[in-house]
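The values are calculated or read from the model by the stated rules, or taken from the named source; none is laboratory data. The shown structure was predicted, so the numbers you read here are calculated from the model rather than taken from an experiment. What goes into the accessible areas is simple: the full protein's heavy atoms, side chains included, and nothing from ligands, DNA or RNA. Shrake-Rupley method; radii C 1.70, N 1.55, O 1.52, S 1.80 Å.
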Amino acid sequence: MSRHHIGVQMKVKEGNEQAYLDWLADDAPVLARVFGRTGIHSKTVVMNGSHIIAHYGADSPAAVGEAFQTPEAVAMLTGRLGALLDPGFAPIFYTEELRWTRDVPGPLKRAAIALNLKADQEANYLDWVHNRARAQFNDLWARFDIAVKEVLVSGANVISYYEIKDPSRILPSFGEPEASAAMQAGLGQMLDIDETRPPAFFSEVFHWQD
């Protein structure tokens, strides 16, 4: 059975980052039981300050939504976890649009980058992801020892998710010739990038797999 990959972006209240990590560690056994019933086989959490991206591998795209509706999850969201989350940041659910894989000897680490699209570029970006991204970036991804590269999209919000030997190589890869050529060939017209600072980089803080 093929796996589906889903992303959920949330935010904890400022100053509650460590409390959230403590909750993850404490409630991991409960989460594992919920995931076993709903067909979720992996969960990775990457963080950038108080911003969180949870990445799931599941039997169906609906599995994460189903897990959120279980009694255990409802209790978490109305209890300890809910008290930590920022109520002003509505969760963003992302759909997998591209998954590229390659055998890379471990150990591997996980990381992600959050990007945004310019207005009215959603359809153009999805066309690029589905029809041109692999051809333009295949050699670069292989050269940088990337084992998994995913693109997950929610409207104008984009997550680039990586499983890689050395996450510190991700941002430098954007300066490679393939990346520069893709930007000049149209990708740069789709992405809403602030050239004065790098995109938001999320590092792994939790990983569970059945």
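How much accessible area per residue does segment 6-161 have, in Å², with a 1.4 Å probe? Result: 44 Å² of accessible area for each residue.
Using a probe radius of 1.4 angstrom, the carbon and sulfur fraction of the accessible surface of segment 53-106 is 58%. Residue-wise HN-Hα couplings along segment 136-142, as the Karplus relation 6.51 cos²θ - 1.76 cosθ + 1.60 with θ = phi - 60° gives them from phi, are 6, 10, 3, 5, 5, 4, 5 Hz; Gly and Pro carry x.
Between the amide H of residue 200 and those of 114, distances stay under 5 Å, these residues lying 5 or more places away or on another chain, with hydrogens modeled in the peptide plane.
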